[in-house]
Every structure is written in structure tokens, then in C-alpha cells.
Amino acid sequence: MAGLPKGHWFHFFAVAGNLHPIESLLVYCLTFGVLLAPPHLKTLFYTNCLVQVAIFLPFVQIPVALTGHMVYVDIGWPSGLVAIAIVALMGTGYWLRRWLICACYLLHGGRMALGALVMFGQAAGFTYRFQGDLPRYRYAKHKWTKIDGMPEGWWWMKMQQDTFGQGLSNSVLLCVPAFLAASNSETALHPLEWIGLLTWLCGWIFESSADMQKMSFMVEQKQQHNATATLGLAPNDKFLWTLCRHPNYFGEWMAWLGFSIASLPSFQVFSGYEIATLCYFLAILLIPRLLYDCLVHWTGAGPAEHYSVKKRPSYMDYQKTVRCFFPFQLPFVDHHQEEGWPSFEVEKSS
């Protein structure tokens, strides 16, 4: 976590991969925002919290504790997004806005949940017992012990905190755009809502297309018995992966940016609840910030490249020539175009 020395006790409570401790505390404080919400919103939040617990406790937290594998959260988190869509249908807002936002959440979470169930189900023979963990969660343990300097004996607790944190984000943060829109009774959709929904759609299509290109590449390389090829390096027909090294993660981030934009006109539901307005405006700002950190530093680009650098000799050339996350050049943004990034996590030979 940014700003924390090795072995600091706050690593036990850190959110995501590289947030400042103050940002982590703000995420936790949003839990209290639920208590300040108007009654009709409280009903949605409380119902959603119960549903998320019903998903995460038996299907994520207990299996993680029994097996020591965090892969189960890749099924629980998107399933929680589907649950948010269903709960949002209980809202009292304008039916068209409510159904539009619910359909977006359903497609967004449903695609990932179905893909995870099929992929992980086939890997485990549909027994829900996985023999090993995903590289990004093995990396999380490596970061906990080697980078954060924390005792390996406490890793079991950090696994619970990390996976529970994703359930918490579904309960008090990622559900906010859906519940605001589902409670807005205004019958005319604001231009910002259409812009936000269009942004979500573009992000969803971008992410889905990038995932399809990746799967196609993996099939081709398996047929050619080439396990060290780098997706995105020429000759290559998977053009999205030539724009940035993780177009699927960028599409995911763009979709959540769209949700945040679409929710802005619905802040009128907080009329007379000034403190709640402040809390949930903060939540809307934190969504793209948190997702960026997760997708670059926590479970996304950083963990993937930590292993790709070791497995693929050509990957460092890819890092030098292609931006990490954004498919276009941005000023004042670190595009991580360095050989061996993330360099402080790569074991270098002396």
C-alpha cells in the first residue's frame, strides 16, 4: 500500500493494492453512509447487504478458509453484481431508468459470473473444489510477505479480509449507481444518464471483445504448441492488445466510469439529506479510483505482468512499446512502459 512501511499493522486493513491509507479509510467510512440514507434507499441497501452475505459466506469466505485458495471470489463477486441488479428492481423510481440500470448490471455481472462458472467448473470437474489458486492470488501472497513485509502465518486472515472486502464493495460502494437510479422518480432521463449508459456500453463491448481476442489467441497458441508467445506483439491480428497491454481491464474500468456518470442526475433522491449526499458523492468519485487501483495494482495488470515477465522472453519488449492500461496517451499518467514492470516486485538477478 502506498505510504506504508514494511510490516505496518495497517496492511491488515489495506484496501486494493496501492491506495493511500486515507483512501482505504474513506472506503470503510462509506459503510456508515448507509445509516444516513433516506428510508427508501435504506431498504435497498439493507436487502443488498443480506443478499451479499448470503452469497459470500457460503460460496466465498468458507471455501477460502477451508482450502486456502482465493479463486472462489471470482465467482462470488460477479454473482454479487447480478444480485445488485435484482435488488435494484425493488426501487421506487421511474420504471425505464430502473430497468435500464438493472439490465446493465445484469449484463455486466452475468457475463463474468457465467464465464467464471464455466471456466472454473470445467477445471474442477464441477465439484467446486479447486486444486490450485490463480496466479493473481499467488501474487497477492507474494506481495503480502515479500513486498509488504507481513508474517506468512497471518496470510489466512488477509485472505479473508481481501475477499470480504470485495463483498463489502458490492454492499456499500458498487451498488450506489444502481440504487440511486432505481430510486429516481424523474420521468425524463438527463443527458448525463445517456452519456453514462453509452460509456458503460462502449466499455462493456470493449472488454468483451478484448476477452474474445485473448481466448482466440490462447487457442491458436495451444494448437501451435507455443506457450511463450506474447499477445499484442506483431505479427498480430488481435488489434485491441496493440493499443494497451490490458484492454480488457480498461474496458472494465470504463464501464464503471459510465455507471458513475449515469448516477449523477439521481442525487436529487437525497433532497433534505445533506450529509448522505456528501457521502455518496464521495462514493461515486471513489468507484473509478478504486477500480483503477484494483485493475492496475491489485488483481489486474501488476500481478499478470509479474508472471508474464518470467514466462515470456518477449514480454519486456511488449512493455517498452505498448502502454499498460489506457489505449491512448495521457499527460501526467504513468503508463508503466518500463522493462520488468512492476520492477520492485520482479526478482532481479544480481
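The values are calculated or read from the model by the stated rules, or taken from the named source; none is laboratory data. In this text the structure is predicted, and so the values were computed from the model without any measurement. Every residue, glycine among them, receives a Cβ derived from its backbone with ideal geometry; neighbour counts consider all protein chains shown.
Here's the yes/no breakdown for (1) in a helix (DSSP H, G or I); (2) farther than 16 Å from A16 by Cβ; (3) in contact with a Phe, Trp or Tyr (Cβ under 6 Å, 6 or more places away or on another chain):
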position: F267; (1), (2), (3): yes, yes, no
position: Y280; (1), (2), (3): yes, yes, no
position: I287; (1), (2), (3): yes, no, yes
position: C294; (1), (2), (3): yes, no, no
position: P303; (1), (2), (3): yes, no, yes
position: M316; (1), (2), (3): yes, yes, no
position: R323; (1), (2), (3): no, yes, no
position: H336; (1), (2), (3): no, yes, no
Out of (1) more than 23 Å from the chain's Cα centre (by Cα); (2) assigned to a helix (DSSP H, G or I), the odd one out for K238 is which? (2)
Hey, V118 within 24 Å of A83 (Cα to Cα), modelled with pLDDT under 90 and not polar (S, T, N, Q) or not: yes
So, first residue without any contact (Cβ under 8 Å) to a residue 12 or more places away in the chain in the stretch 316-337, second residue part of a loop (DSSP other than H, G, I, E, B) and not β-branched (V, I, T), Cβ within less than 8 Å, six or more apart or across chains; the pairs are Q329/R323; Q329/H335; V333/F326
Is it the case, given these coordinates, that A181 is buried (at least 19 other Cβ atoms within 10 Å of the Cβ) and either on the phi > 0 side of the Ramachandran plot or touching a Gly at 6+ places or on another chain (Cβ under 7 Å) (or both)? yes
Looking at the stretch 35-44, can you tell me whether even one residue there is part of a loop (DSSP other than H, G, I, E, B) and without any contact (Cβ under 8 Å) to a residue 40 or more places away in the chain? no
What residue, of L282, L295, is in contact with a helix residue (DSSP H, G or I) (Cβ under 8 Å, 6 or more places away or on another chain) and surrounded by fewer than 21 Cβ atoms within 10 Å (Cβ to Cβ)? L282
List, please: which pairs have Cβ atoms under 8 Å, are six or more places apart or on different chains, and start with a residue in the stretch 4-30 that is at positive phi and end with one that is part of a loop (DSSP other than H, G, I, E, B) and polar (S, T, N, Q)? none
F130 meets each of (1) in contact with a His (Cβ under 7 Å, 6 or more places away or on another chain); (2) closer than 20 Å to C294 by Cβ; (3) not hydroxyl-bearing (S, T, Y) with one exception, condition (2)
For the stretch 67-175, please list each of the helices (runs of 4 or more DSSP H) lying entirely inside it that holds at least 1 residues being crowded, with 19+ Cβ neighbours inside 10 Å, touching a helix residue (DSSP H, G or I) at 6+ places or on another chain (Cβ under 6 Å) and hydrophobic (A, V, I, L, M, F, W, C). 73-88, 95-123, 155-172
Would you check if there is a residue in the stretch 49-59 being surrounded by 14 or more Cβ atoms within 10 Å (Cβ to Cβ), in contact (Cβ under 8 Å) with a residue 40 or more places away in the chain, under 16 Å from Y280 (Cβ atoms) and not basic (K, R)? yes
Which of the residues that make up the stretch 268-296 are within 15 Å of G33 (Cα to Cα) and acidic (D, E)? E274
Since E274 meets every condition but one in (1) closer than 22 Å to L285 by Cβ; (2) surrounded by 16 or more Cβ atoms within 10 Å (Cβ to Cβ); (3) among the charged types (D, E, K, R), which condition does it not meet? (2)
